[in-house]
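Read through the structure below, which is laid out as structure tokens, and then see the notes.
The values are calculated or read from the model by the stated rules, or taken from the named source; none is laboratory data. If you're wondering where the values come from, they're calculated on a predicted model, not measured in any experiment. In this analysis, Cβ positions are derived from the backbone assuming ideal geometry, glycine residues included, and neighbour counts consider all displayed protein chains. Please note that ligands, DNA and RNA were not included when accessible areas were found on the heavy atoms of the full protein model with its side chains. Shrake-Rupley method; radii C 1.70, N 1.55, O 1.52, S 1.80 Å.
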Amino acid sequence: MLLSGVGQTDDSFMEDPGDIENQPQNDVARRNCLTEQTRMTGIGIFLMILLATCWVGVAHLLKSTYESNVHIRMLVPNSSSSGGGEHGSSATARAPTMTSSSYDAPFFTTWFCTMCNSFFFPLYLGARISSRREPITCKKILQGCVQGFREKGFTVVQFLGRCGLFCLLWVITNYMFIYSLRILDTTDVMALYSSNVSFVYLLSWVVLHEQFVGIRIVAVILCNTGIALLAYMDGASRTLTLGGVILASASAAGSAVYKVFFKKFIGEVTFGQLSLFFTLIGLFNAFLMWPLVVTLYFTHAETIFWNQLPWPLLGGAAFLSLVANLLGNFGILWTYELFLTLGLVLAVPASAAIDVQVYGVVFRGMKLAGVLLINIGFLLVLLPNNWPDYLSRLLRMRKRTYKNRKPGKDSEMDTCTGRRSRLRTPSGHVK
């Protein structure tokens, strides 16, 4: 789950060139601006592809944990053996091999992956210390982050209490996402989760009182229609599919609640404060959620064979999840937030290609229509608030181009006006 757009970007390259007096310096400034924008666009495309790759890797690795099986051979008494004889007392026969799941623990997976959030602040400290020329200590950086929260009016109890609530929301949201992978195909879950942008807009409109944009309401309707199509893609009688769609959609809604209420109750934060907050979520998860992990294990609600845990799959998913969250939150240092947001929707067709080639998944009918509608709704939500201005400007440019198109062969250049005319001769006289 990503929480992007809470940091600050450097917009110093967007200076007004009107303050520059002479034209040569104006041209230099314009070229520098274009060069900087080109650089940020190139970096954005690279980060978008990298972020999509991380998302696809996380989802498919988590899906693969449910496919880890262990083969068990059961020993049963041999009915053909007699009570007397050399082998009668210990004769046994091997039954056919039975296949049982060796790992089926979505909550343990959630707990394990969430612990990786603890590395946010240490990584931030390392990057901050290594990038600064003047000496700075970890204590000063930590004091600066804590002081920022104090200036917002947080006491220690209030801050830790909100960290605990956001940790609980994080765990519940990711648990529903991971559990839905047990039921649905990976692409379906990712498409459903990408609908969180529509929920973010609705909550932002209601809670944060952001501007109402009609096209985004259309996007919300398209996303909800796509969710409904996926819910009944296997028929109304398949309650298991319906349950999986509800879980994935609830995960998207939980992600939206997390993002909106973070801005509502925490507000704008620096990268250091954001890193500290993520680290506290990871620590709260590690030290407060482990009793539930133990309880689910001993009550056999989750299947775990400790000597056969899929560590490569779990470790890879946790690492890629950490990288995706780092890119989603710190990527605005190097590029525009739009590219980071597009990384999620780009992951959907990439995941679909893997499902088709590797798992033989077929996208057709309601399944295909649902995925496409959610993706279209995702893109519509990203339209800017003043998108009609861009559209009208584009239409005016097209109209101007149509008017200034090359005239026919029968028109001649007027030497007086410098324009082509069908009513005057080249010397300027009326025909």
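When the range 206-219 is filtered for residues that are outside any loop (DSSP other than H, G, I, E, B), among the hydrophobic types (A, V, I, L, M, F, W, C) and without any contact (Cβ under 8 Å) to a residue 40 or more places away in the chain, the ones remaining, listed by number, are Val206, Ile217. For the range 274-282, does any single residue satisfy the condition of being within 18 Å of the chain's Cα centre (by Cα) and not hydroxyl-bearing (Ser, Thr, Tyr)? Yes: the range 274-282 contains one or more residues that are within 18 Å of the chain's Cα centre (by Cα) and not hydroxyl-bearing (Ser, Thr, Tyr).
For the range 328-361, name all the residues that are closer than 23 Å to Met40 by Cβ and open to solvent by less than 10 Å² (accessible area, probe 1.4 Å).
Across the range 328-361, the qualifying residues are Gly328, Asn329, Gly331, Ile332, Thr335, Leu340, Gly343, Ala347.
Could you tell me whether the range 108-119 includes any residue that is open to solvent by 70 Å² or more (accessible area, probe 1.4 Å) and in a helix (DSSP H, G or I)? Yes, there is a match, as at least one residue in the range 108-119 is open to solvent by 70 Å² or more (accessible area, probe 1.4 Å) and in a helix (DSSP H, G or I). Gln158 falls short on exactly one of the conditions (1) in contact (Cβ under 8 Å) with a residue 60 or more places away in the chain; (2) open to solvent by 10 Å² or more (accessible area, probe 1.4 Å), and that condition is (1). In the set (1) over 19 Å from Asn329 (Cα atoms); (2) open to solvent by 40 Å² or more (accessible area, probe 1.4 Å); (3) modelled with pLDDT of 90 or more; (4) out of contact with any Pro (no Cβ under 8 Å at 6 or more places or on another chain), Tyr175 fails one condition alone, (4). Quick check on the range 220-279: of everything there that is outside any helix (DSSP H, G or I), touching a residue at least 60 places away in the same chain (Cβ under 8 Å) and over 30 Å from Arg150 (Cβ atoms), which residue is least open to solvent (accessible area, probe 1.4 Å)? Checking each candidate, the answer is Met233. Checking Leu203, Leu142, Leu169, Leu192 one by one, the residue that is outside any loop (DSSP other than H, G, I, E, B), free of Cβ contacts under 8 Å to residues at least 60 places away in the same chain and surrounded by 13 or more Cβ atoms within 10 Å (Cβ to Cβ) is Leu203 and no other.
Kindly evaluate Leu292 against the criterion of being surrounded by fewer than 19 Cβ atoms within 10 Å (Cβ to Cβ), touching a residue at least 60 places away in the same chain (Cβ under 8 Å) and more than 20 Å from Ser64 (Cα to Cα). Yes: the conditions hold for Leu292.
Filtered by the rule that a residue be aromatic (Phe, Trp, Tyr) and touching a Gly at 6+ places or on another chain (Cβ under 9 Å), the range 332-371 gives Trp334, Tyr336, Phe339.
The residues in the range 295-329 that are assigned to a helix (DSSP H, G or I), in contact (Cβ under 8 Å) with a residue 24 or more places away in the chain and more than 30 Å from Val345 (Cβ to Cβ) can be counted, and the count is 3.
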